[in-house]
Amino acid sequence: MMKHLQNLVEEEEATIDMTPMLDVVFIMLIFFIVTASFVKESGIDVNRPDAPTAVKKDRANILIAINDKNEIWIDKRKIDVRAVQANVERMHAENPQGSVVIQADRKSTTETLIKVMDASRAAGVPDVSIAANE
């Protein structure tokens, strides 16, 4: 009888508890989801002008598109020029390290581009770039 009890105790000691490892994995998963930065697309295709000195911009999280009809698109929605500042402020609050990249069509007017740039700077984003093809 004593030998049987000793075998039972040895079998219990040999089991591995996986719960702490699963807890760590789930905590790491939550950490990576929270810290990930998501790129928001502007929502339309823009025929950008060519620039031989174009440089790839990292951490461009706020994309604003201006099409050939001078319509402004942010996050797949058509935005009025007066609402650009509020939208950029909201998106900048979500990701303070992000910068603004304006994708202006080659047939859009400079006036619309300047209004969008001014609204972006007024929203508190000093890093505003204009997208171009290399």
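The values are calculated or read from the model by the stated rules, or taken from the named source; none is laboratory data. Please read these numbers as outputs of a predicted model, since none were measured by experiment. Please note that ligands, DNA and RNA were not included when accessible areas were found on the heavy atoms of the full protein model with its side chains. Shrake-Rupley method; radii C 1.70, N 1.55, O 1.52, S 1.80 Å.
Brief remarks follow.
- Heavy atoms of Arg121: accessible area, 1.4 Å probe, square angstrom to 10: 120 Å²
- Gain in span if fully extended, Ile30 to Arg106, counting 0.36 nm per residue against the direct Cα distance: 23.1 nm
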